[in-house]
Amino acid sequence: MAGSTTTTISSTLFLSLFSHSQAQCKALQHPCFKSNIEKRALILCSAKKKLSFADQILDYIEGGPKLRKWYGAPDPFSKDESTVEDDDQSEVEEVRDAVLVSDGDSEIGQMVILSLIVKRTRVKALVKDKQTALEAFGTYVESMVGDASDKKFLKKALRGVRTIICPNEGFLSNVEGLKGVQHVVLLSQLSAYRGSGGIQALMKSNARKLAEQDESLLMASGIPYTIIRAGLLQSTPGGQQGFSFKEGSSARENLSKEDAAFICVQALDAVPQRGFIFEVVNGDEKISDWQECMARLMEKAGQQLQ
């Protein structure tokens, strides 16, 4: 009976998620995204050809296979393309419509990936364990394992990528070039690291160094960038608080990890001509239109540069 109850609850959740997706996900509120993360992360497939949990839910719901076909996911029982190396692919440049998530098996990286899936975005992710990623996300994500400092692997990873989201520090410090990438979104806790002191500062000294390198390299890269300087990230529920974009706030205050992941994805639709930086923590301001909010922040950053 317990298993039946879990299936029924999860079925309702996924039906709600995908019905919102048919309306371009504009009405989707990211607290639902939180529930999706918790449900999705608890159950993994153990058999190689067994349907993933999400696919079982879609098939359980009436018209599940049709929903999968509408979404554009491959046949789950077709050849496992995710485990086939594509080193022999043609050198012809493919359409750049993918978003690459670095550190895709980290907690916040997974939050970013799930939010992208809901938006029906083509997702590529750098992970440490490809099989675990396949079981967690199924065929909705092209998971890749390798050393980002290796030019051959990086070239393969960036094939078809228009935007990179870096949810943790260190990725940009390890690569030599991002040829063809049109936008980089970096979630940075540099201000929070600089604002810490004592033992906490010592513990985070390496992370601070990587964050400083990432920001400096990105600013000098010539690629349009968005640096989101977040407050100290907390494991608190997202979508329950508002926000504050005041300067200096990220050195003193906190931000929910779920809210941080959500903001990273919202930044995809606001590509600057060169680059802009803004600070964000949880606060009192409620945002109903994130495109308008991003445009306002970008305009403010532009005025500051003049």
- Note on the structure: Being of a type outside the set (S, T, N, Q), surrounded by fewer than 15 Cβ atoms within 10 Å (Cβ to Cβ) and on the phi > 0 side of the Ramachandran plot narrows Gly248, Gly242 down to just Gly248
- Name the one entry in Ser288, Ser250 that is at pLDDT below 95, in a helix (DSSP H, G or I) and more than 19 Å from Ile165 (Cα to Cα). Ser250
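It is to be established whether one or more residues within segment 265-275 are loosely packed, with under 15 Cβ neighbours inside 10 Å and more than 16 Å from Leu187 (Cα to Cα).
Yes: one or more hits.
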- Query: Restricting attention to segment 207-246, which residues are in a loop (DSSP other than H, G, I, E, B) and in contact with a strand residue (DSSP E or B) (Cβ under 6 Å, 6 or more places away or on another chain)?
  - Reply: Ile223, Pro224, Gly231, Thr236, Gly238, Gln241, Phe245
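Take segment 230-239 and flag every residue that is closer than 16 Å to Asn168 by Cβ and surrounded by fewer than 24 Cβ atoms within 10 Å (Cβ to Cβ).
Once the filter is applied, which keeps residues that are closer than 16 Å to Asn168 by Cβ and surrounded by fewer than 24 Cβ atoms within 10 Å (Cβ to Cβ), segment 230-239 yields Leu232, Leu233, Gln234, Ser235.
What about Gly177, is it at pLDDT below 90 and surrounded by 20 or more Cβ atoms within 10 Å (Cβ to Cβ)?
Numbers: at pLDDT below 90: yes; surrounded by 20 or more Cβ atoms within 10 Å (Cβ to Cβ): no.
Considered against the rule, which asks whether it is at pLDDT below 90 and surrounded by 20 or more Cβ atoms within 10 Å (Cβ to Cβ), Gly177 comes out as no.
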- Query: What are the residues in segment 148-176 that are free of Cβ contacts under 8 Å to residues at least 12 places away in the same chain and not in a helix (DSSP H, G or I), if any?
  - Reply: Asp150
- Out of Ile164, Ile117, sole residue that is touching a strand residue (DSSP E or B) at 6+ places or on another chain (Cβ under 7 Å), at pLDDT below 95, under 23 Å from Leu255 (Cβ atoms) and crowded, with 19+ Cβ neighbours inside 10 Å: Ile117
- Task: State whether the residues of segment 124-133 include one that is open to solvent by less than 30 Å² (accessible area, probe 1.4 Å), closer than 14 Å to Val112 by Cα and touching a residue at least 60 places away in the same chain (Cβ under 8 Å).
- Result: no
- Query: Take the residues of segment 264-289 that are free of Cβ contacts under 8 Å to residues at least 40 places away in the same chain and not charged (D, E, K, R): which is nearest to Met219 (Cα to Cα)?
  - Reply: Gln266
- Please give the number of the condition Ala295 fails out of (1) open to solvent by less than 50 Å² (accessible area, probe 1.4 Å); (2) closer than 24 Å to Ser115 by Cα; (3) not charged (D, E, K, R). (1)
- Note on the structure: Checked segment 236-258 for anything farther than 21 Å from Arg194 by Cβ and touching a residue at least 60 places away in the same chain (Cβ under 8 Å); matches are Pro237, Gly238, Gly239, Gln240, Glu258
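The values are calculated or read from the model by the stated rules, or taken from the named source; none is laboratory data. What you are looking at is a predicted structure, and each value in this text was computed from that prediction instead of being measured. Don't worry about glycine lacking a Cβ; one is built from the backbone with ideal geometry, like all the others, and counts go over all protein chains shown. Just the protein is used for accessible areas: all its heavy atoms, side chains included, with ligands, DNA and RNA removed. Shrake-Rupley method; radii C 1.70, N 1.55, O 1.52, S 1.80 Å.
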